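The values are calculated or read from the model by the stated rules, or taken from the named source; none is laboratory data. Just so it is clear, the structure is predicted and the values come from calculations on it, not from any experiment. All Cβ positions, even for glycine, are placed from backbone atoms using ideal geometry, and neighbour counts span all protein chains on display. Ligands, DNA and RNA are excluded from the accessible area calculation, which covers all protein heavy atoms including side chains. Shrake-Rupley method; radii C 1.70, N 1.55, O 1.52, S 1.80 Å.
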Amino acid sequence: MSEIKKHDTPLVDQLKTGPWPSFVDDIYIYAEKYKKQTCFDIMGQLELSYKNKETHWKHGGIVGVFGYGGGVIGRYSDQQEQFPAVWAFHTVRVHQPGGKWYHTSYLKKLCDLWDHRGSGIVNFHGSTGDIILLGTVTEQLEYIFFDLTHQLKQDLGGSGSNLRTPSSCMGKSRCQWSCIDTMAIEYELSMEFQDEIHRPSFPYKFKIKVSGCPIDCVAAIARADLSIIGTWVDDIRIDQEAVRAYVGGELKPGGNSHSDRDWGPFDIKKEVIELCPTQCMYWDENEKKLYINNKECNRCMHCMAVMPEALWPGTDTGATILMGSKAPILEGAQLSSVIVPFMRMEPPYDELKEVTRKAWDFWMEVGKNRERLGELIQRIGLNRFITEVLGLPAVPQHIREPRSNPYVFWKEEEVPGGWTRDAAEFRKRHPA
Amino acid sequence: MEEKVVMPDPIYSEPYDPTLAEKLYNPAKPMENRITDIGPPHYSQFLPPIIQKNYGKWKSHLILQAGVMKYTSETGDVVYVVRCGTPRLETTDYIREICEIADKYCDGYVRWTTRNNVEFHVTSEEKLKALMEDLKNRKHPNGSYKFPIGGTGAGVSNIVHTQGWIHCHTPATDASGVVKAVLDELFEYFGSQKLPAKTRLALACCLNMCGAVHCSDIAILGIHRKPPLIEDDRLEYVCEIPLVIASCPLGAIRPATVEVGGQKRKTVRINLERCMFCGNCYTMCPALPLSDGEGDGIAILVGGKISNRISPPKFSKLVIPYIPNEPPRWPTTVQWVKKILETYAKYAKKYERLGDWAERIGWERFFELCEIPFTDKCIDDYRLAYDTYRTSMHFKFTSHIEIK
Amino acid sequence: MEKEELKQKIIEVIEKKIKIAGKSKVYLKDLQKDIPGVSPRDIKNAANELVREGKLEYFSTGSTVMFGIPGVGMGLEAGTEKPKEE
């Protein structure tokens, strides 16, 4: 092995100080310890970017390992003379286990693998949820994949026009609000759709995220083409004793979420009743009792978040299925729209799989290249997507408000007598 | 009924064999010994026994202090969680240090949140105390905390972010460096709960937004302001022109033939009015670089949210259209983020998210209070722009209006 | 259409594009356009099978994936040159 070449990085070095964990210190310590040229070169190239405020990476067409159309992002340096150790610096996306729970035996083995076959630099985790192994060369890709599958029983995640790695919140594993078994749903869908994760199937990317409740910790409503969000249809559970304890000041509101500022004593009227978006709650001062008109509740969960020891979602649970959210490229940002207001979530989740496949089939057939599902729904109209494509009834829950224009695309069969008219008959009534 | 605890697959305790793959993979027969389509390891084996036992039985949570939570089960079991910020970009040795902590205090179990925090679980108060003490004392050589505790309740979240100059080919700014600079400055808000509500920060290094930041309380977004440079003399040798044309989502690229040094060269031309700076053409063709030190920079968007709590989820809105890149510490960006955060903290009501506050007081007042100069760039002229125009008499006479 | 016939047709479409348009890689959508009457699902399954057989290869555009014939046109590492070992 040739001599290790270090680079001066005065700009990057300024990120070593300050209280927030310094990735620069971390990478340099690692580089020194293992005498890793890749790490010195990546810092050198970053310094160059800091100097001229431009990236020095190029894209490559590599997508994965043999037979896979995703999971690897090809990356090449445009500074191959100066930083030869990062001339190729590919990313490997590794499908994270559900809820991002780990045992150290798994993590340590993954670290050993990555020290041996890559830069030793990782992301925990990428934006979509995968473990990201950052920086390796083309020659190592197959060996990395063999190591992952044989020694870690671990598969790659998705990229390109594949199904992207699904992700979920921690759900029932540690959260009292989760209305559905998010990790089980995510695992089941991931296994059902392995082919779609690994091989290109669609006009563009497709993301699935599962959140246990409307608080939506994985941002399913903003970041997934298919958003599965837990909800309930029965009454909010109330422990009146605990409500009184909040009112009396024995329990801290918000589970003590506002601990470091004096907001005054807890005022249930101001902090809960008046902030309820549907005004469906009533605190009886004399009875010392909280009433909820559950029929009018829109399940925003503010009351539960303020009084977590006193209120819980109902027990008759399922999910709302929404579709179509995406970042702004190309037609502008979209949030997911309600498609199925309520669906039971029992394994093997056949109804969910069916509605997903129906949406896919239509998108694969009619979607344009690089058109996300949300954009397609806009193009053809949500009404048509719901009724004609998915075969579901239109309900007011699909909209925030009715349209303000009258330009309904009536179909011929909806109008008595159809569209073929007899000109002679018409002229009998209206002489020209 | 006492259910059996699922243990981690014993294969993970076997040492990594660096020679195995070479024995198994045969380039001449790529399908030989190949295992495919196995998905992720099943999550159940990675759940701590206390989590397995109380799965679906959790009753409530209490934040003991910023970053430290106590979960109580209906079985009476209790688990304490310590949440620590991580930089997301890290080395295997940093992960090993997390493992060392998890082995020492948590029987080897650990989890990450969706916002790049790591969480340690313990079942007794003594262990909790020892764990917190240990975490506080772990520092990098130049003094930064390795595992700052926080990220809960009414504080700022860890910043979810993208790759930036460390790994992306179309970024308009760095990611990890900007995040470090911003969180150094907002450090006290990560480790405390003194804001009116949770404030989620996010960064995406170009408008492709692989870290979708469009629904964050404060979003830092890299933007390009110059279309790709066209290297006419090189393009036909390194790019397939029909593919370059097909790569543009707006159909703004057409083929062209130009003369370079007396020689005819096949190249492309870009309809500059249509270019959205997505970089797809650079992805397909290295002779169309997009990056530009002077043109690139940062935009700030605020007021988005994803939770349905009180108000529905909403998009972030553009309030500062451009700030130049200022590595290594991006002082202007950092100052604006802090200014917006602290103005919000000063004026918003308890539980009011940044966007809800701005809507209540009116965006004109938001600009005034935050002292952000308003320009025509904040008036939408993209699709469905009309939705954002003022079509009522309901507005306030802020300093923007000169009354003569 | 039988699967083998469909696979043959896919190769033909791509070869034709190389010859006529000088375009060595196609999207699934391009294949669909040129092979009407076949379900997109069957086309993607057939194209992916061709990759497994080594007759086609994937090419990443970053956010999407294209299909090409191995060794034809712009390669996976076009525009990048591995530095010489010292």
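A few points about this structure:
- Net charge over other residues, Cβ less than 15 angstrom from the Cβ of B:Glu294 (K, R count +1; D, E count -1): 0
- Rolling a 1.4 Å probe across the protein heavy atoms gives chain A an accessible surface of 38 Å² per residue.
- Placing pseudo-labels 7 Å out from each Cα toward the beta carbon at A:Gln240 and B:Arg383 gives an inter-label distance of 5.3 nm.
- Using a cutoff of 8 angstrom between alpha carbon atoms and counting only pairs six or more residues apart, the relative contact order for chain A works out to 11 percent.
- For the stretch B:238-314, the C-alpha radius of gyration divided by 2.2 N^0.38 Å, with N the number of residues, is 1.63.
- Taking N as the residue count of the stretch C:3-73, its C-alpha radius of gyration divided by 2.2 N^0.38 Å amounts to 0.99.
- With the cut-off at under 20 Å, measuring from each backbone N in the stretch A:310-324 to a point 7 Å along the Cα-to-Cβ line of B:Val78 picks out A:310-311.
- Length-normalised contact order of the stretch A:237-312 in % [C-alpha pairs under 8 Å, at least 6 apart]: 44 percent
- Karplus (6.51, -1.76, 1.60) ³J(HN,Hα), θ = phi - 60°, over the stretch B:104-117, in Hz, Gly and Pro reported as x: 6, 10, 10, 6, x, 9, 7, 9, 10, 8, 5, 10, 6, 9
- Helix C:3-21 vs. chain C, principal-axis angle (Cα, 0 to 90°, nearest 10): 50 degrees
- Of B:Lys53/B:Lys136; A:Lys36/B:Lys146; A:Lys53/B:Lys266; B:Lys139/B:Lys305; B:Lys180/B:Lys346, pairs whose Cα-Cα distance is over 26 Å: B:Lys53/B:Lys136; A:Lys53/B:Lys266; B:Lys139/B:Lys305
- The string of couplings for the stretch A:87-101 from the Karplus curve (6.51, -1.76, 1.60, θ = phi - 60°) is 4, 10, 8, 7, 9, 10, 8, 10, 5, 5, x, x, x, 6, 7 Hz, one whole number per residue in order, with x for Gly and Pro.
- Put the Cα centre of the stretch A:209-254 next to the Cα centre of the stretch B:121-152 and the gap is 29 Å.
- Hydrodynamic radius of the stretch A:10-150 per Kirkwood, over alpha carbon pairs, in Å: 16.0 Å
- Debye intensity ratio in log₁₀ form over the Cα atoms of the stretch A:56-97, taken at each q of 0.18, 0.30, 0.31 Å⁻¹: -0.55, -0.97, -1.00
- Given +1 at the Cβ of Lys and Arg, -1 at the Cβ of Asp and Glu and no other charges, the dipole of the stretch A:10-150 around its Cα centre is 260 debye to the nearest 20.
- Within the accessible area of the protein assembly as shown (1.4 Å probe), percent carbon and sulfur: 52 percent
- Average silhouette area of the protein assembly as shown, convex hull of alpha-carbon atoms, in square nanometres: 47.2 nm²
- Sorted largest first, the principal axis extents computed over the alpha-carbon atoms of chain A equal 93, 77, 43 Å.
- Rh by Kirkwood over Cα pairs, then Stokes-Einstein D for the stretch A:207-296 at 1.306 mPa s and 10 °C, µm²/s: 103 µm²/s
- R0 of 60 Å, Cβ-Cβ distance B:Val258-A:Lys33: FRET efficiency to nearest 0.05: 0.70
- Over all other residues within a Cβ to Cβ distance under 15 Å of A:Thr278, the charged ones net out to +1, with Lys and Arg as +1 and Asp and Glu as -1.
- Hydrodynamic radius by Kirkwood, which averages 1/r over all alpha carbon pairs of chain B, in angstrom: 24.9 Å
- Summing Cβ point charges (Lys, Arg +1; Asp, Glu -1) relative to the Cα centre of chain A gives a dipole of roughly 840 debye.
- Per-residue SASA remark: A:Asp350, around 90 Å² accessible (1.4 Å probe; ligands, DNA and RNA not included).
- R0 of 45 Å, Cβ-Cβ distance B:Lys53-A:Asp195: FRET efficiency to nearest 0.05: 0.80
- The relative contact order of the stretch A:10-150 comes to 18 percent, based on Cα pairs under 8 Å that sit 6 or more residues apart.
- Placing R0 at 51 angstrom, the Cβ-Cβ distance between C:Ser39 and B:Asn137 gives a FRET efficiency of 0.25 after rounding to 0.05.
- Neighbour cut-off at most 15 other Cβ (10 Å), DSSP loop, trypsin sites (Lys or Arg not before Pro), the stretch A:31-60: A:Lys35
- In this structure the amide hydrogen of A:Met345, modeled in the peptide plane, comes within under 5 Å of the amide hydrogens of A:Ala319, none closer than 5 places in sequence on its chain.
- Straight-line cross-link reach from B:Lys404 at under 17 Å between alpha-carbon atoms covers these lysines, not counting any fewer than eight positions away in the same chain: B:Lys396.
- Proportion of all alpha-carbon pairs of the stretch A:153-219 beyond 17 Å (%): 44 percent
- Dividing the alpha-carbon radius of gyration of the stretch A:70-223 by the rule-of-thumb value 2.2 N^0.38 Å gives 1.11.
- Solvent-accessible area buried by A and B, counting both chains, probe 1.4 angstrom, square angstrom: 13300 Å²
- Net dipole in debye of the protein assembly as shown [+1 Lys, Arg Cβ; -1 Asp, Glu Cβ; about Cα centre; nearest 20]: 1640 debye
- 20 °C / 1.002 mPa s Stokes-Einstein diffusion coefficient of the stretch A:196-245, Kirkwood radius on C-alpha pairs, µm²/s: 156 µm²/s
- Temperature 25 °C, viscosity 0.890 mPa s: under these conditions the Stokes-Einstein estimate for the stretch A:238-286, based on its Kirkwood radius over C-alpha pairs, is 209 µm² per second.
- Spatial offset of the stretch A:322-362 relative to the stretch B:237-304 amounts to 33 Å, using the alpha carbon center of each.
- At the listed q of 0.10, 0.16, 0.25 Å⁻¹, the Debye profile of the stretch B:1-92, built from one uniform point per Cα, gives log10 I(q)/I(0) equal to -0.52, -0.94, -1.26.
- Per residue, chain C exposes 50 Å² of accessible surface when a 1.4 Å probe is rolled over the protein heavy atoms with every protein chain present.
- Anchor B:Lys264: aspartates and glutamates whose Cα lies under 20 Å away (excluding residues fewer than 8 positions away in-chain): B:Glu231, B:Asp232, B:Asp233, B:Glu236, B:Glu240
- Split chain A at each of the GluC sites (Glu not before Pro) in a DSSP loop with at most 13 other beta carbon atoms within 10 Å, and the longest piece is A:82-249.
- Cut-off under 5 Å, modelled amide H: who pairs with C:Lys23 long-range: C:Ile18
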